[in-house]
Amino acid sequence: MSGELNIKEENLGDSIEVYLDGEVDIYTSQRLKDKLYGIIEKNQLDLRINCRDLSYIDSTGLGIFVGALKKAKQNGKSIYISELKENIKKLFMITGLDKLFIIEE
Amino acid sequence: MSMPVDNIELLLPFKAEYVSIARLTVSGIASRMGFDIDTVEDIKVAVAEVCNRIVSIGSKLSKYYKINFAISEQSLKVLFTCEDKSIRCIFNNEDAELAVSIIKALMDDVEFCTDGSYILSMTKSIGENM
């Protein structure tokens, strides 16, 4: 019924990479929140969110990214967001979040 | 806005798992009307933001909210209604800031607080995007 979201994580040594595959919406966002917050609390490392296979995100999902960034900053860490599709990059620009996160191609 | 040629209505429960149905429906309608792919995506995102908010607020009086898609030759008007009249001005809170910026940027015309007969209306014109 609702969009699927698959989340995978990989420890790169100096950071944790999280791969998002599918849709982050009001239905799937709680799982994303639990995952990201859990990773940040467990690891004192930078977080890299790979969005190559992320097809959709709404403000609920963007809000979770912001919350995760606040948590990471408390530990002196950053969040890098990479391989955003154009439609999603547009939302980052509209909301000004492109200035808050480190966006990589 | 010109008179609608056709109307499509969608009645949805206040449940997060059904917001994707609104996204799929409006994508189909906007594509059928001839909006380009990027604009279809914009309309889909804006509609979903409103649905998210309505679902988050919820209702003790109504089981459903309704989305009306008024299709005319020049535009698509999306009207959100609910029998529960307490659901009005749904984006007045600070935590809705992201959603409001998205909706304002993606749609041509949005009525956030209405006279009370409906929750919100938003319009996208074909001419401005083709």
Compare the peptides B:76-84, B:44-52 by average per-residue count of other Cβ atoms within 10 angstrom and give them in order, highest first.
-> B:44-52, B:76-84
Tally Lys/Arg at +1 and Asp/Glu at -1 over every other residue whose Cβ is under 11 Å from the Cβ of residue B:62; what's the total?
-> +2
Within the protein assembly as shown, cysteines having no neighbouring cysteine beta carbon under 4.7 Å are A:51, B:51, B:82
Residue-wise HN-Hα coupling along region B:58-68, computed from phi with Karplus coefficients 6.51, -1.76, 1.60 (Hz; x: Gly, Pro) | x, 8, 8, 9, 10, 8, 10, 10, 10, 10, 10
Go through A:50, B:33, B:64 and say which Cα lies farthest out towards the positive end of the charge dipole of the protein assembly as shown; charges sit on Cβ, +1 for Lys and Arg, -1 for Asp and Glu.
-> B:64
For region A:1-58: rounded, prolate or oblate by the Cα gyration tensor [a/c cutoff 1.5] | prolate
Charges only on Cβ, +1 for Lys and Arg, -1 for Asp and Glu: so what's the dipole of the protein assembly as shown about the Cα centre, in debye to the nearest 20?
-> 720
For q = 0.09, 0.11, 0.14 Å⁻¹, what log10 I(q)/I(0) does the protein assembly as shown give under the Debye formula with an equal point scatterer on each alpha carbon and no solvent?
-> -0.39, -0.58, -0.89
Cα centroid distance between region A:70-94 and region A:1-51, in Å?
-> 12
For residue A:80, other-chain or 5+-apart residues with amide H closer than 5 Å (H placed, Pro excluded) are A:47, A:48, A:49
Averaged across the residues of A:87-98, what count of C-beta atoms belonging to other chains lies within 10 Å of each residue's C-beta?
-> 4
Using only atoms on other chains, find how many Cβ atoms lie within 10 Å of each Cβ of peptide B:99-105 and report the average.
-> 4
Angle, helix B:19-33 long axis vs. longest principal axis of chain B, Cα atoms, 0 to 90°, nearest 10?
-> 20
Taking residue B:60 as the anchor, which lysines have their alpha carbon closer than 21 Å to its alpha carbon, excluding any fewer than eight residues away along the same chain?
-> B:15, B:85
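What dipole magnitude, in Debye to the nearest 20, does chain B give about its Cα centre under +1 on Lys/Arg Cβ and -1 on Asp/Glu Cβ?
Details: 13 positive and 19 negative charges, 112 e Å.
Here the size comes out at about 540 debye.
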Correct semi-axes for chain B, from √(5λ) of the alpha-carbon gyration tensor and rounded to whole Å with the largest first, are 23, 15, 14
Extension gain, residue B:24 back to residue B:105 (0.36 nm per residue minus Cα-Cα distance, nm) | 27.1 nm
Distance from a point 7 Å along Cα→Cβ of residue A:10 to each backbone N in region A:39-60: keep the residues under 14 Å and list them by number.
-> A:48-53
Using alpha-carbon coordinates, inclination of helix B:37-57 to the longest axis of chain B, degrees = 10
What's the lysine pair count for chain A at a Cα cut-off below 19 Å, pairs eight or more apart or interchain?
-> 24
Could you work out the mean count of beta carbons from other protein chains within 10 Å of each residue's beta carbon in B:17-29?
-> 3
HN-Hα couplings for region B:74-86 via Karplus (6.51, -1.76, 1.60; θ = phi - 60°), in whole Hz with x for Gly/Pro, come out as 9, 7, 10, 10, 10, 10, 9, 9, 7, 5, 6, 6, 6
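Taking 20 °C and 1.002 mPa s as the conditions, I'd like the Stokes-Einstein D for region A:5-104 in µm²/s, using the Kirkwood hydrodynamic radius from alpha carbon pairs.
The diffusion coefficient I find is 162 µm²/s.
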Tell me, what HN-Hα J-couplings in whole Hz come from the Karplus equation 6.51 cos²θ - 1.76 cosθ + 1.60 at θ = phi - 60° for each residue of region A:83-88, using x for Gly and Pro?
-> 6, 6, 6, 4, 5, 7
Can you work out the FRET efficiency for the pair residue B:86 and residue A:78, with r the C-beta to C-beta distance and R0 = 35 Å, to the nearest 0.05?
-> 0.25
Report the local net charge at residue A:56: Lys and Arg +1, Asp and Glu -1, summed over other residues whose C-beta lies under 10 Å from its C-beta.
-> -1
Taking the Cβ of residue A:95 as the center, what net charge do the other residues with Cβ under 15 Å away carry, scoring Lys and Arg +1 and Asp and Glu -1?
-> -3
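We did not get these values from a lab; they are worked out from the coordinates using the rules stated. A quick note: this is a predicted structure, and the numbers were derived from the prediction, not measured. Here Cβ is always computed from backbone atoms with ideal geometry, including for glycine, and neighbour counts include all displayed protein chains.
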